[in-house]
Amino acid sequence: MALPSAWSEMRVGILLLSVLSLLSAGLVGAAQDSGNVIPAESRPCVDCHAFEFMQRALQDLKKTAYSLDTR
């Protein structure tokens, strides 16, 4: 009985992550247009940033799944 709700929570989480990534991509483009460009040497690479973001998202999903399992 708890399994379908866990799947629906995970789907909502994945959808939320997708929306947030699209919004952050739009904000990055807006920041570049305004002239506040950070030199490439001082900003993290795109792959590292995406990896850290997905790692935090996975931890949040694990916490949500654990809280649903304990209910």
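Where a number appears in this text, it was derived from the coordinates with a stated rule and is not lab data. Keep in mind that what you see is a predicted model, and the values were worked out from it rather than measured. Quick reminder, even Gly has a Cβ in these numbers, built from the backbone with ideal geometry, and neighbours come from all protein chains shown.
Net charge near Leu61: determine it from the other residues with C-beta under 11 Å of the C-beta of Leu61, scoring Lys and Arg +1 and Asp and Glu -1.
That sum, taken over residues with Cβ under 11 Å, equals +2.
Please give the FRET efficiency for Gln55 paired with Trp7, using the beta carbon to beta carbon distance and R0 = 25 Å, rounded to the nearest 0.05.
Efficiency, from the Cβ-Cβ distance: 0.70.
May I ask you to evaluate 6.51 cos²θ - 1.76 cosθ + 1.60, the Karplus curve with θ = phi - 60°, for each residue of the stretch 54-61 and list the ³J(HN,Hα) values in order in whole Hz, giving x for glycine and proline?
Values, residue by residue: 5, 5, 5, 5, 5, 4, 5, 5 Hz.
Which whole-Hz couplings ³J(HN,Hα) result when phi for each residue of the stretch 47-53 is put into the Karplus expression 6.51 cos²θ - 1.76 cosθ + 1.60, θ = phi - 60°, listed in order with x for Gly and Pro?
Values, residue by residue: 5, 5, 5, 5, 5, 5, 4 Hz.
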